[in-house]
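The values are calculated or read from the model by the stated rules, or taken from the named source; none is laboratory data. Given the structure is predicted, the values throughout are model-derived calculations rather than measurements. FYI the Cβ positions are ideal-geometry reconstructions off the backbone, even for glycines, and counts take in every protein chain you see. In case anyone asks, the SASA skips ligands and DNA or RNA and just uses the protein heavy atoms, side chains included. Shrake-Rupley method; radii C 1.70, N 1.55, O 1.52, S 1.80 Å.
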Amino acid sequence: FPVAGGKEGTLHHPEDGENYVRLLRAVRDELDARGKLAGRRYLLTAAVSPGESFLQNVPLQELSGPVDYLFLMGYDQNGPWSSRTGMNAPLAAGDGSGLGAAVEAYLSAGVPPEKLVLGVPFYGYFYRLEGTGPGQVGMEFFSAESVGYDAIASRFLGTGERGFDLMGQVPWISGPGWFLSYDDPSSIAAKGRYAREKGLGGAGAWEL
């Protein structure tokens, strides 16, 4: 993302938040010119982060100008890079984070709600723990990997203990020495209701 993040060796410049907006404007202008010749209109969308760094480094209202939709990547709140187990895509969390807080930040910055699309994960993160007891949020782990919903349905549903985080509106499953954070029809429905209540442009999925 602009200004911060990426692989080691990525060059960062403080002005790249503004440069990102300039890039999208240039692409929009080119699409409009080509669309005029073709007799059609081309959509321009961008996938955007719910992370604090992105929110601070990019002028969000200006960002929404040249695009038709901003797809908010409402997942990867926790994962293999984290120090402890956590929920992949909670709507809210005890520390004030979560997808709802990110949506509010975009709307407060002046992004039109109809341009914001809430991204929903069709996958989860499976954590292998140090001990043999059942897993839970906040535990140390030695490895983790993403797991698609097809694998979740065939390998994990009906095993271990299923729980549901009422604040985050997301499920989890735990077993001896492992913990799985994922989304299912109930949590996806909760995100859909939230998107509707906020008047967002809709919901998007990662990935089919």
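Accessible surface for the chain, divided over its residues, is 53 Å² per residue with a 1.4 Å probe. Rounded to the nearest whole Hz, the Karplus-based 3J(HN,Hα) values (6.51 cos²θ - 1.76 cosθ + 1.60, θ = phi - 60°) of the range 40-47 follow the sequence 8, 10, 9, 7, 10, 10, 9, 8, with x at glycine and proline. The share of alpha-carbon pairs in the range 110-208 lying farther apart than 19 Å comes to 48%. Calculated on the alpha-carbon coordinates, the convex hull of the range 14-68 measures out at 63 cubic angstrom per residue. For the options GLY133, GLY98, GLY148, a Gaussian network treatment of the chain with springs between C-alpha atoms closer than 10 Å singles out GLY133 as fluctuating the most.
Which number do you get for Rg(Cα) / (2.2 N^0.38 Å) in the range 161-208? Taking the Cα Rg and dividing by 2.2 N^0.38 Å, one obtains 1.35.
Pop the C-beta distance of ASP150 and HIS13 into the FRET formula with R0 = 30 Å and round what comes out to the nearest 0.05.
Taking R0 as 30 Å, the efficiency between ASP150 and HIS13 is 0.15.
Applied to the range 21-30, the Karplus parametrisation 6.51 cos²θ - 1.76 cosθ + 1.60 on θ = phi - 60° returns per-residue 3J(HN,Hα) values of 5, 4, 4, 5, 5, 5, 5, 4, 4, 5 Hz, with x for Gly and Pro. Taking the alpha carbon gyration tensor of the range 1-101, multiplying each eigenvalue by 5 and rooting it gives semi-axes of 31, 17, 12 Å, largest first. Counting only alpha carbon atoms, the long axis of helix 185-197 and the longest principal axis of the chain meet at about 30°.
Using only Cα atoms, tell me the angle between helix 99-108 and the longest principal axis of the chain; keep it within 0 to 90° and round to the nearest 10. Between the helix axis and the principal axis of the chain, the angle is about 20 degrees. In terms of its Cα atoms, the chain spans 61, 37, 30 Å along the principal axes, sorted from long to short.
Quick one: if the Förster radius is 35 Å, what FRET efficiency do MET167 and LEU37 give, using the C-beta to C-beta distance and rounding to 0.05?
0.10
To put it simply, the accessible area of the chain at a 1.4 Å probe is 54 percent carbon and sulfur. Only protein heavy atoms count here; on that basis, with a 1.4 Å probe, ARG84 has an accessible area of about 110 Å².
The largest accessible area among LYS7, LYS115, LYS198 belongs to the first residue in LYS7, LYS198, LYS115, and the rest follow in falling order (1.4 Å probe, all chains).
Dividing the summed helix terms, -39500 (n - 2.57) for each DSSP H run of n ≥ 4, by the number of residues in the chain produces a 222 nm estimate of -8500 deg cm²/dmol to the nearest 500.
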